[in-house]
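The values are calculated or read from the model by the stated rules, or taken from the named source; none is laboratory data. Since we're looking at a predicted model, the values are computed, not measured. Reconstructed Cβ throughout: ideal geometry from the backbone, glycine too, with neighbour counts over all protein chains shown.
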Amino acid sequence: MNTLDQVTVQEALGLGETHASWLGAIESGGAPSVPLRLPSPHAAAALLMRLGVDARDAEEVAGTLPSAQGQPALWWLLERSVHLMRQHMGEPEVNTHWPPLPPGLGAQGRLFLAYLFLAVFEDVRRWHAAHGVDDAISWETLSSLGRAMRIHRARQGEGGVFEHGWMTLPFRACLYEIGRLQYTPFRVTEQWLRRWADPATAEPSVPGVAPGDPAVGIHIPASGPLTPASVTASLLRARALFAKPTPWGPCRIAVCGSWLLDEQLAAYLPPSANIIRFQQRFTMLPGAGNGDGSVFTFVFRRQGSPASLDDLPQRTALERAIVAHLRAGGHWRTRTGWLAL
Ligand SMILES: CC(C)(COP(=O)(O)OP(=O)(O)OC[C@H]1O[C@@H](n2cnc3c(N)ncnc32)[C@H](O)[C@@H]1OP(=O)(O)O)[C@@H](O)C(=O)NCCC(=O)NCCS
């Protein structure tokens, strides 16, 4: 009989405070009615490679698949994590937090999410098919795992899944990759509308949108240039998907919040730059956040501020713009804009 519970698993795996709320959600979700089964190592490697994962990473995942007998505590965690993912398939309003496991767990900690995604693969594919997500979008979406594992290896020098929590979204049917862009459906709330209200009049800044209306967030993965043609093609396909009445639509608006929408960039980049052309598609909403952290992350691939601006590369027009603006005492901003879908 399996005598494991949240406390014994926490102790066995060395999980700390950062894992407490996640473990709580897992514990309250309960045990699955059907025991978890993972694919064979051969099938796992083949599927991962079909999802764009490099052979080296696919083989590491396949060669370290956990088992109930071999790693009972990790298996307990995996089985309940899979159950939680299945329970909240296609429910973006459920915000499940997935912290990385402690480094002391080695490869099976780093690759935990890959095991999880293998386990829910058939579930998310079924969900897509049942909700009118065509096969091409379904595969494109799930193949974002290949990019996430490549970025992790490039940054950390070992296998793993970059943007840990974010990557659970495509495998929970809450994020769609359609050509150049990613999309996250959501429902407009009172709070969301208030956040973007005109500060002078308190009137909603997005005309004709009411609480409960479906909408979609736009995200830009690091996957090559943001050409206007690729953006237009993606938006056209997204329109077709999110116009369907179920489960989200019909969506009238898409919103994007990003450092890429900072109008200050126009003082440094030519009007023909892809970033500037992208900005022009959006009507800006009021307010701005501090975007310095975002530019360090997305332009210089660093967490936090550099010790000195002299340390930052100056190869591209954007890299030079970022540094010149900061040297002049300015700050970058994150801005949010919307467009009619
Ligand atoms: C969004 C993105 C694809 C735009 O790249 P792009 O299509 O090349 O953009 P532009 O054509 O406007 O580029 C203008 C200049 O900035 C440079 N540039 C653009 N993005 C850059 C980046 N992330 N790092 C360094 N330089 C960059 C370009 O090389 C070009 O300079 P050059 O003329 O000297 O070569 C790119 O910035 C990127 O991959 N970002 C990471 C993902 C991201 O930021 N997502 C949003 C998260 S909120």
Residue ID - farthest from SER143 (Cα to Cα), chosen from residues in segment 209-255 that are touching a Gly at 6+ places or on another chain (Cβ under 9 Å) and basic (Lys, Arg): ARG252
Has segment 67-86 got any residue that is closer than 24 Å to VAL124 by Cβ, part of a loop (DSSP other than H, G, I, E, B) and touching a residue at least 40 places away in the same chain (Cβ under 8 Å)? no
Please name all residue pairs, on different chains or six or more residues apart, with Cβ atoms under 9 Å, provided the first residue is in segment 1-24 and is in the same structural domain as GLU79 (by TED's automatic domain parsing) and of a type in the set (Asp, Glu) and the second residue is assigned to a helix (DSSP H, G or I) and surrounded by 13 or more Cβ atoms within 10 Å (Cβ to Cβ). ASP5/GLU27; ASP5/TRP76; GLU11/ALA73
Residues in segment 260-278: is at least one under 30 Å from ALA240 (Cα atoms), at pLDDT 95 or above, within 20 Å of the chain's Cα centre (by Cα) and more than 8 Å from the ligand (Cβ to nearest atom)? yes
Given the options GLY179, GLY212, GLY160, name the one that is under 30 Å from SER81 (Cα atoms), surrounded by fewer than 14 Cβ atoms within 10 Å (Cβ to Cβ), at pLDDT 90 or above and not hydrophobic (A, V, I, L, M, F, W, C). GLY212
The residue from LEU285, LEU312 that alone is hydrophobic (A, V, I, L, M, F, W, C), surrounded by 11 or more Cβ atoms within 10 Å (Cβ to Cβ) and within 13 Å of the ligand (Cβ to nearest atom) is LEU312
Filter pass, MET49 being closer than 26 Å to CYS174 by Cα and in contact (Cβ under 8 Å) with a residue 12 or more places away in the chain: no
Which one of HIS19, HIS42 is over 26 Å from the mean Cα position of the chain (by Cα) and either assigned to a helix (DSSP H, G or I) or under 16 Å from LEU116 (Cα atoms) (or both)? HIS42
Go through the residues of segment 296-318 one by one and say whether even a single one is acidic (Asp, Glu), without any contact (Cβ under 8 Å) to a residue 24 or more places away in the chain and part of a helix (DSSP H, G or I). yes
Is it fair to say PRO245 is within 16 Å of the ligand (Cβ to nearest atom) and assigned to a loop (DSSP other than H, G, I, E, B)? no
